[in-house]
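A.B. asks: Input: one structure, supplied below.
Each reported figure results from applying straightforward, stated rules to the coordinates on display, with no laboratory input. Owing to the predicted nature of the structure, the values given are computational and were not obtained by experimental measurement. For neighbour counting, all protein chains shown are included, and Cβ atoms are generated from backbone atoms with ideal geometry for every residue, glycine included.
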Amino acid sequence: MRVLPPLLRRKPAVAVLMCVPLFALILGLVAYPFFHALFLATLNKAETAFVGLDNFTFLFGRQTFWMVVRQSLLFALVAVVFKALIGLAAAHAINTIPTKGQRKWRGMMLIPWVIPPALSTLGWWWLFEPTYSAINWGLTKFAMPAVPWLSDTFWARFSIILVNVWVGAPFFLIMYLAALKSIPGELYEAAEMDGAGPWQKFFYITLPMIRNIIAITTLFSIIVTLANFDIVRVLTQGGPLNTTHLFATYAFRVGIESGDIPLGASVSLFMFPMLAILAFIILRNVRRRAASLA
Amino acid sequence: MALTAGRTRRNVLKAIGASAAGALAAPYVKTAGSAGRLRLGVIDHWVPGTNEVLQRILARWGEANNVEVTIDFITTIGNKLLLTAQAESRAGSGHDIYALEFHMVPMFKHRLIAVDDVVEDIVAAHGPIAGLSRQAAFLDGAWRGGPAPAMNASAATVARRDLFLEHAGIDLTELFPASDTRDSAKVDRWDWEAFGNAAVALHAADRPVGAAISPVTDSSAWLAQLFASYGAAMVNEQGEIDADSDAVREALEYLTRLAKVMPDSVYAWDDASNNRWIISGTGSAIFNPPSAWAVAKRDSPDVARHLWHCDVPRGPAGRFRAFNSIFWGIWDFSENQSAARDLLRYVAEPEVVVAMLEASQGYDLPLIASHYDRTTVWAEAGPPAGGLYNYALRGDERTVTDGYPAPPEIAARISMQRIVPNLVARVTQGGETFDDAIGWAENELEGVLRG
């Protein structure tokens, strides 16, 4: 039998070695692009001279940029709230089904989340198509007025949020369902013996027990929702009147399509401090709650 | 057709006729080094069947020159052509020859090798490249691409002759006949007001005219020709912001009226929406190359036989047609630049240009004036017979591009940021005052001009 070298016989060394591929991935796909974006954001348009924070100060004077900031926050907040509510309701509904029948429902509910968003959004685009919307075709069959899904500011915003909720709600569902299943049944039995009703059980047992999962899921969802690109890109390209642009699509328009990469990098980095602060607060609270439970 | 403002095709031909005639007979001469492998990224053609013809032409050239030619047809929908170019230029890897739309040449000039020798050979053999196209590709004293054999196109008025006659009382076939017999006095009355009056009548008949006012290329194109015809510009030739002008207000005032009789969906149209719309039979006019007609001929022949291509309406400052010149550039990381240069020379040969013109059913307008007289495709295309005759510029139209008359680099950014469509939509859809909308545009233009 071959004997392992002394270094590999030490558990910490093996652990570090096994983590090397992960570190390499994080370095290559997260750290390097991030620092490169930071570097790009400090260059002039031609990428030939260092300009410090000039790109950021320039952005602060642009009306469209502030509109994008407001829209991104509106989009993320509304979408995450609805995803969380729908996910929670659906998780509860599935959790009440006998275990035997749950699998098919879980599978069906996950479909929107597992389809590549660019493809599923294309399907939505056909439903919302400006002139030949399939939904409008149905509405007019029932003598109802057609809805300008993508050409009116309100409806265009509604449409991109709707699609984002459709894609993202299953993620909340599966996280909440896992959390619900981890709650000991004895807690509910004891509460019932004390005469607690369904709402009391929900507010005094379920919610406290899944609070950490809610916080982490919400944090994760805010990050990916704020960074959303494909839905807006496929459905509206930021229109009408730039009123559906998010950070990512506006950064793309300015950086890639208009050839001002440093300004585009500045737009995309703008959300980093906001998300960092949010992540710090949420994760600190999660850690404190976990510590108090321990 | 890419001609300098103020010069028609006929005038240019007169001027260059003698020199071009001799040069046209010159055979294509292959230079040394045409061997190895060449990868091309070219535009996926809108007209069905055209890609295959280009593929055959290039394959034949490859066989004759011992070059393995591979072609990727890249769609312009969703700006994929631009995105691929950005990726390749930053990575320093990809195709050898890449098709560049008008505004892409200034964007990528730092990564495109100078091809002065190629263009000089082409000009010596076939005559000059027209003014507007030259402006796009002759940058900082060097040519950054050679004329492409495919996808050069203009945004003509594509109208239903039956509906215009029935509901607006305008006989487009009489106004723009399929021969050189047009009555200039009648054509002179074909202005934006006349078009607007027709649009009102057609809207009343539930057959409205339509053109995109959304963040896409089609919007920029037709609004460029309308703005130019009012003398309206975002940035002038000196590179100064010029949006706050009477001309811009006049154009916006007209568009406010016109937009009311167009479908609301134009604010969300993409580059294929106007095609689908006229092919469906719902619409009565769009601004487009003949791709809509070509697809209608295949899918909706009853509509196709009524589609008539004609001049763009005139404005107070003249008559302008948006023209998208396509150039094939060679990346500086290409490993086979010698063969690439040879191929650029070859695709400017008359037989290639004519073959592509016929394959595209007249869609691909040549960038070299002398090539226009080598085909009768526009006269023969149909049905309807003569429907494409006036797609090739025949009258007093001058060519223009979005961002005009700003310098190429600035015009590219004005176009790509869709400033004009957004300005118009702010007024016509958003209900903003002219002052507010122009103020917004000026704020955006400061970003365009920043160093």
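A.B. asks: Relative contact order, percent, of chain A when contacts are C-alpha pairs under 8 Å separated by at least 6 residues?
C.D. replies: Here the relative contact order equals 26 percent.
A.B. asks: Evaluate Rg over Rh across segment A:164-224, taking Cα atoms for both radii and Kirkwood's formula for Rh.
C.D. replies: Rounded to two decimals, Rg over Rh is 1.07.
A.B. asks: If you don't mind, another one. Amide H to amide H under 5 Å from B:Ile71: which residues, 5+ apart in sequence or cross-chain, H placed 1.01 Å off N in plane?
C.D. replies: Sorted by chain and number, the residues that satisfy this are B:Leu40.
A.B. asks: Using only the Cα atoms of segment A:54-293, each taken as one equal point scatterer with no solvent, compute I(q) by the Debye sum, divide by I(0), and report log10 of the ratio at q = 0.10 Å⁻¹.
C.D. replies: Summing over Cα pairs of segment A:54-293 leads to -0.60.
A.B. asks: Another question, if that's okay. When the Cα centres of segment B:264-307 and segment A:239-294 are compared, how far apart do they sit, in Å?
C.D. replies: One Cα centre to the other: 40 Å.
A.B. asks: Using θ = phi - 60° and the Karplus curve 6.51 cos²θ - 1.76 cosθ + 1.60, what whole-Hz ³J(HN,Hα) does each residue of segment A:264-281 get, with Gly and Pro shown as x?
C.D. replies: With coefficients 6.51, -1.76 and 1.60, one gets x, 5, 5, 4, 5, 7, 4, 7, 4, x, 4, 5, 5, 5, 4, 4, 4, 5 Hz.
A.B. asks: Right, something else. Mind checking A:150-159 for the average number of partner chain beta-carbons within 10 Å of each residue's beta-carbon?
C.D. replies: So the per-residue partner count for this stretch is 3.
A.B. asks: Tell me, B:Val209, B:Val424, A:Val147 in order of fewest to most beta-carbon neighbours within 10 Å?
C.D. replies: A:Val147, B:Val424, B:Val209
A.B. asks: What nm distance separates the two modelled labels at A:Ala134 and B:Arg374, each placed 7 Å from Cα along Cα→Cβ?
C.D. replies: Output for this residue pair reads 4.7 nm.
A.B. asks: Something else: Give, rounded to the nearest 20 debye, the magnitude of the charge dipole that the protein assembly as shown has about its Cα centre when Lys and Arg contribute +1 at Cβ and Asp and Glu contribute -1 at Cβ.
C.D. replies: 3140
A.B. asks: Within the P(r) computed for segment A:91-185, what percentage of the Cα pairs occupies the region above 22 Å?
C.D. replies: 46
A.B. asks: On to the next question. For chain B, what does the relative contact order come out to in percent, with C-alpha contacts under 8 Å and a separation of six or more?
C.D. replies: 27
A.B. asks: For all pairs of alpha-carbon atoms in chain B, what percent lies in each bin of width 20 Å, listed from the first bin to the last filled one?
C.D. replies: For chain B, the binned pair fractions read 26, 58, 15, 0 percent.
A.B. asks: Viscosity 1.306 mPa s, temperature 10 °C: what is the translational diffusion coefficient of segment B:196-304 from Stokes-Einstein with a Kirkwood Rh over Cα pairs, rounded to a whole number of µm²/s? Kindly include the intermediate steps, with their values, before the conclusion.
C.D. replies: Working: Rh = 14.9 Å.
Approximately 106 µm²/s, per Stokes-Einstein.
A.B. asks: Return P(r) of segment B:94-212 (all Cα-Cα pairs; 10 Å bins starting at 0; whole %; ordered from short to long distances).
C.D. replies: Binned Cα distances yield the sequence 11, 30, 18, 21, 18, 2.
A.B. asks: What is the Cα coordinate range of the protein assembly as shown on the first, second and third principal axes, sorted by size from largest, in whole angstrom?
C.D. replies: Cα extents, longest axis first: 101, 73, 50 Å.
A.B. asks: While we're on this one: Please report the orientation-averaged projected area of segment A:132-261, defined via the convex hull of its C-alpha atoms, in nm².
C.D. replies: 12.0
A.B. asks: Right, next: What ³J(HN,Hα) values, in whole Hz, does the Karplus curve 6.51 cos²θ - 1.76 cosθ + 1.60 give for segment B:76-85 when θ = phi - 60°, with x put for Gly and Pro?
C.D. replies: Once θ is set to phi - 60°, the couplings for segment B:76-85 become 8, 5, x, 6, 5, 4, 5, 4, 5, 5 Hz.
A.B. asks: Per residue of segment B:336-349, in order, report the coupling 6.51 cos²θ - 1.76 cosθ + 1.60 (Karplus, θ = phi - 60°) as ³J(HN,Hα) in whole Hz, putting x for Gly and Pro.
C.D. replies: With the stated coefficients, segment B:336-349 comes to 9, 5, 5, 5, 4, 4, 4, 5, 4, 5, 5, 6, 8, 5 Hz.
A.B. asks: In what order do B:Asp402, B:Asp140 fall by count of nearby beta-carbon atoms within 10 Å, going from fewest to most? Before the final figure, lay out the partial values.
C.D. replies: Details: B:Asp402 29, B:Asp140 9.
Ordered from fewest to most neighbouring Cβ atoms within 10 Å, B:Asp402, B:Asp140 come out as B:Asp140, B:Asp402.
A.B. asks: Right, here's the next one. When the helix-only estimate is applied to chain B (DSSP H runs of n ≥ 4, each -39,500 (n - 2.57), divided by the residue count), what is the mean residue ellipticity at 222 nm, nearest 500 deg cm²/dmol?
C.D. replies: -13000 deg cm²/dmol, from helical runs alone.
A.B. asks: Based on the alpha-carbon gyration tensor of segment A:1-40, what equivalent-ellipsoid semi-axes (square roots of 5 times the eigenvalues) come out, in whole Å, largest first?
C.D. replies: Details: eigenvalues 233, 12, 8 Å².
Semi-axis lengths for segment A:1-40 are 34, 8, 6 Å.
A.B. asks: Taking neighbour Cβ counts within 10 Å as the exposure measure, how do B:Phe327, A:Phe34 sort from fewest upward?
C.D. replies: In order of increasing Cβ crowding within 10 Å: A:Phe34, B:Phe327.
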